[in-house]
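What follows is a set of notes on a single structure, which appears directly below.
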Amino acid sequence: MKLWGGRFTKETAEDAAGFLGSLSFDARLYRQDIRGSIAHARMLGRQGIITPEEAEALVRGLEEIRAELEAGKLAFNPDAEDIHSFIEECLVAKVGEVGKKLHTARSRNDQVATSFRLYVKEEIEALGDLVLRLIEALIGRARETSEVIMPGYTHLQRAQPVTFAHHLLAYCEMLRRDYERLRDCYKRVDVCPLGSGALAGTTFPIDRQFVARELGFGEISANSLDAVSDRDFVAELLFACSLIMMHLSRLAEELILWSSSEFGFITLDDAYTTGSSIMPQKKNPDVAELARGKTGRVYGHLMGILTVMKGLPLAYNKDLQEDKEAVFDALDTVKGCVGVFIPMMETLQINEERMREAAGGDFTNATDLADYLVRKGVSFRDAHGIVGRVVLYCIGTKKRLEDLTMEEYRSFSQAFDWDLYDFIQIATCVGRRRAPGGPAPFAVFQNIGRITSWLAEMRQLPWKRGL
Ligand code: ARG
């Protein structure tokens, strides 16, 4: 059944209908579409736009359709244009003539925007929950590894020693921002467009507040033209998803590097790796790699929607139908990636010895030696120069800073004294970095405490604002 056959003298060409249709992907909006229609029907009845009995019949019919779809007793008709026309068609088939009254004071343009927003709201909550669970998993590993020393890098060159826990907590901060972005984006999604009609509202005495309240929206949209053509929330969500993917991709890259024999810092659990069809010895970090790869398609969806929206005149244009596949695929992808990172992070094995060994190489304590001279009254710039020459000498003589004799040290500066040996021990170097935000176990535990109470607070915080 077409919703608009009247003014046409021809059927839509078969190929055009196939091209225009969206049921193949928007069928997943059936629950949200039915919810929106039930709220709309109730409102029509309360306002006397249809009779209470008619409203009751519509609501019952819609509830039955939902139950049948859920039980798999009703199949999606592939010829339907989209989920909205399909449900209306089913309703008319089920309840007869009265079914044709459902679309009073409504257009598919405000209908689709409403269904889509309801869907996105649920999905943001689900994704937010997964992000919190990943943070929790990282915190769990950080608790065990506050004393595990590893080299921190700049330019992928060993720089200064840090703790593994501190490295994990860096990802917690990224994910915390991601979570807050989702919360923030949610506010813009939580706006009910129903009642905006095709573009210019309606002549019927509708009650928009009632509908929004029924559907659990925080507010109603303020401008009918904007309401049916606004997809800012899609771009925002896809940006939030893109950043989550970027963060996962950076973590993935580190897991891949760390699990190589060259690093050997971690061993991924067998359950999150795969083998090779030809090389019997191989164990590959495929899960991490695929997550890194999937980042590309999520970025692609962001660029896609920004381009779809660019230059679109007000109000609704069919171009907007392109919003759905982008969002569905991005959300499926991000949820899948975050979901698999949780157990992968929980199960990976930490090779403490290898990390500590690497942290002790390449003069990662050279900055500390310079700091030592500063404490003895040398200016930092001079200290930097002196230690640079000491390092050069060590490279030439194949020694570590710890191996030089006091005589050798004194040949570079009289400010060196016996207490330097303790000062430049790797564990001492890390332990001293205890100011807030630092890698020392003390600072790490402060951070763990802070993030743990943040987690508890976020779990308590309701998503819904209500009307
Ligand atoms: N399937 C359409 C979409 O996703 C529903 C709105 C159709 N409205 C229209 N005027 N063609 O955007």
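Of note:
- Of the residues making up segment 274-316, those that are open to solvent by less than 40 Å² (accessible area, probe 1.4 Å) and hydroxyl-bearing (Ser, Thr, Tyr) are 276, 295.
- Segment 51-82: number of residues that are more than 16 Å from the ligand (Cβ to nearest atom), surrounded by 14 or more Cβ atoms within 10 Å (Cβ to Cβ) and not in a helix (DSSP H, G or I): 1
- Residue within segment 278-298 that is basic (Lys, Arg), out of contact with any Phe, Trp or Tyr (no Cβ under 6 Å at 6 or more places or on another chain) and modelled with pLDDT under 95 present: yes
- The set of residues in segment 341-381 being among the basic types (Lys, Arg), more than 27 Å from residue 273 (Cβ to Cβ) and in contact (Cβ under 8 Å) with a residue 24 or more places away in the chain consists of 376 alone.
- Applying the criterion of being among the hydrophobic types (A, V, I, L, M, F, W, C) and free of Cβ contacts under 8 Å to residues at least 24 places away in the same chain to the residues of segment 428-442, the residue that is nearest to residue 369 (Cα to Cα) is 435.
- Considering residues of segment 243-273 that are more than 23 Å from the chain's Cα centre (by Cα) and acidic (Asp, Glu) only, the residue least open to solvent (accessible area, probe 1.4 Å): 269
- Candidates 357, 346, 353, 325, filtered to the one that is open to solvent by 20 Å² or more (accessible area, probe 1.4 Å) and either in a strand (DSSP E or B) or within 16 Å of the ligand (Cβ to nearest atom) (or both): 325
- In segment 282-322, the residue that is farthest from the ligand (Cβ to nearest atom) out of those that are under 18 Å from the mean Cα position of the chain (by Cα) and hydroxyl-bearing (Ser, Thr, Tyr) is 295.
- Of all residue pairs spaced 6 or more apart or on separate chains, those with beta-carbon atoms under 6 Å, a first member in segment 297-317 that is more than 19 Å from residue 108 (Cβ to Cβ) and a second member that is more than 13 Å from the ligand (Cβ to nearest atom) and open to solvent by 80 Å² or more (accessible area, probe 1.4 Å) are 302/239.
The values are calculated or read from the model by the stated rules, or taken from the named source; none is laboratory data. This structure is a prediction, so every number in the text was calculated from the model and none was measured. Note that we place each Cβ from the backbone using ideal geometry, even for glycine, and neighbour counts take in every protein chain shown. These accessible areas exclude ligands, DNA and RNA; they are computed on the full protein's heavy atoms, side chains included. Shrake-Rupley method; radii C 1.70, N 1.55, O 1.52, S 1.80 Å.
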